[in-house]
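Structure first, then comments.
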Amino acid sequence: MATILIIDDDFDIVEAMRMTLEANGFNVVAAYSGAEGLRTIKTVAPDLIILDVMMEDDTAGFKVAWTLRSPDPGSEFAAFRNTPLLMITSISEKKGMKFNPETDGDFLSVDEFLSKPVPPKKLLESVRALLSRH
Amino acid sequence: MDIKEPPLKSDLPERVRWFVRLRWFAAGGTILMGLLGRWAVPEVDASPLLYLGLAILAYNVVFRSLRPWLAARLSIHLQIFLDWLALTVLCHFTGGADSPFILFFLLHVVLSAIVVSQWECFLQGLLAIVMTNTMALLEATGRWIPPSFPGVPELPRYENLTYLLIFLGAFDAVILSIIYLSTFVVRQLRRREASLLELQDNLRRAYHHAVEMDEAKSRFVRIVSHEIRGPLAASQSLIKVALDGYAGGLNDKVRELLERAERRIVQLIDYVNELLDLSRGSQRLPEEDKTDILIYESITRIIKESEARVAEKQLRLNVQIEHPHVIFRGDLQDLERIFHNLLGNAIKYTPRGGAIDVIGTLLPDNFFLFKICDTGIGIPAEELPRVFDEFFRATNAKKELKTGTGLGLSIVKKTIEKYGGRVAVTSVVGEGSCFSIYLPVITLDRSV
């Protein structure tokens, strides 16, 4: 059973995703900030990470992604460098920006971006697709 | 509005410079006159004119050099005083009260009226009167004899003291009248200048205030909308999860209620999104954030996204875009927002089986004209001028579709105008509407 870590500071969003994923046989662990997320990654070793962009600050999610994808061989997260990252963002609404892995992947290796609110079907589709690719 | 004259003080230094500049010509003219006099009338001693010219030159050099140290006001008064003295000497050597140069007193009075205040000008005028009258009386009474010119009769104004007094009286009156009139006109001009400056200042302040208010409004809308959007997205996610059955089974009534709640939330999210679009529409875009966008690609994508709705209403969509290589320099989301709103409206307000034409063509002045015309319900003529107002919806549109924010067209207008373009509309109720947008573009090749 694949373990999915959801890092998002919105309790209700986490809950909605957790229910959707658990009902479909996934094991879900939640963290409510970027720092907590990084700590949890090491203890849980998730198969996939769902990451919100804006948490304690506007780019907390990006910082987590950056730390995970660090090319530094001595990085404490080196083992999770290839863990699929699904980024959930509402930043495009706030900042007028859109992200996609094809154009923005060079500077941030994220496997997929989804905009909030994510319909349950879309979430499941993306999670399954990413897990099957890795 | 009480308008005061602008203080003379502020431009006095400039006036000092101006006076000094003019005096170079006066000094040069006097020296030239002395030299010409020597050559043309050798029997008359023209050297006093040469010395006078040099004296004018000398005190002008002094005033120019002292400019940083001598107070401008004192400098001006000293200069005028020395000018009176120089003019009096010039007149004395060129015919006294009959000298043609006596008219230069009048000219200098006008110049003084421009640079000093009214009462100071009157004082200076009185000095000029005292000097000219004293010179004339001294000359008439033989105490300061002017040089005589060969072939020129004795100075007629000195023949008769009464006649000389009448002449001097008239001359003094003219000087005083000119001072009064010149200072009056100058004061009027200064008042007008002050009122213009004040008006300009008020306009500048009002403009900055309006810009600040507009930015504050946009910022407010952005923050509030985001704060609203977060909880709305969370609510929608929870309801969706429940509706999809992940929280257990639902009976029909609960399902119906949740679906209704979700529809209302979607409405609210749309509303908030439009408010965000509106605030973004008026936000200026930094040059580095602009990208080159192929207009053709962008409109094609929006049309593709709308295909399902077009098919559902069995509409005929006719697209004719000429010059496919034309580039719009800006934000892709802005451009798509414009097309999305206009095409969306055409689809929404055109009855089943109707037609929509999308025509794009390049105009000679590097503007791209887009026309989106439909055979929809149209807009009542009396409401046409208000269709781009925020929150305005035409009466027949409200009847046709209950929901709608009335923000779409104001978003379109603001976004287009941000790029220096414009939007226009023509419409006939029951026949349809035609929106024309003019976008500034870059053409890769004139032939495309």
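Looking at segment B:398-417, is at least one residue touching a residue at least 12 places away in the same chain (Cβ under 8 Å), of a type in the set (A, V, I, L, M, F, W, C) and part of a loop (DSSP other than H, G, I, E, B)? Yes. In the set (1) buried (at least 19 other Cβ atoms within 10 Å of the Cβ); (2) modelled with pLDDT under 80; (3) within 14 Å of another protein chain (Cβ to nearest Cβ), A:VAL110 fails one condition alone, (3). Report yes if some residue within segment B:204-221 is assigned to a helix (DSSP H, G or I), buried (at least 18 other Cβ atoms within 10 Å of the Cβ), basic (Lys, Arg) and within 12 Å of chain A (Cβ to nearest Cβ); otherwise report no. Checked against the condition, which is being assigned to a helix (DSSP H, G or I), buried (at least 18 other Cβ atoms within 10 Å of the Cβ), basic (Lys, Arg) and within 12 Å of chain A (Cβ to nearest Cβ), segment B:204-221 yields no hits at all.
Only one entry of B:ALA233, B:ALA247, B:ALA242 meets the criterion of being facing chain A (nearest Cβ under 8 Å), of a type in the set (Gly, Ala, Ser) and buried (at least 17 other Cβ atoms within 10 Å of the Cβ), and that entry is B:ALA233. Of all residues in segment B:263-311, those that are touching a residue at least 24 places away in the same chain (Cβ under 8 Å), under 35 Å from the mean Cα position of the chain (by Cα) and in a helix (DSSP H, G or I) total 10.
I want to confirm something. Restricting to segment B:58-112 and keeping residues that are of a type in the set (Gly, Ala, Ser) and outside any helix (DSSP H, G or I), which single residue is farthest from B:PRO13 (Cα to Cα)? Applying the filter and picking the extreme gives B:GLY95. Of the residues B:LEU66, B:LEU35, B:LEU85, the single one that is aliphatic (A, V, I, L, M), under 43 Å from the mean Cα position of the chain (by Cα) and surrounded by fewer than 18 Cβ atoms within 10 Å (Cβ to Cβ) is B:LEU66.
Suppose we keep only residues that are buried (at least 16 other Cβ atoms within 10 Å of the Cβ) and touching a residue at least 60 places away in the same chain (Cβ under 8 Å) within segment A:17-32. Which one would you say is nearest to the other protein chains (Cβ to nearest Cβ)? The residue in question is A:THR20. Annotation: B:LEU164 fulfils all but one of (1) at pLDDT 85 or above; (2) surrounded by fewer than 17 Cβ atoms within 10 Å (Cβ to Cβ); the unmet one is (2).
The values are calculated or read from the model by the stated rules, or taken from the named source; none is laboratory data. Remember, it's a predicted structure, so these values are computed and weren't measured experimentally. Positions of Cβ are backbone-derived with ideal geometry, glycine not excepted, and every protein chain shown enters the neighbour counts.
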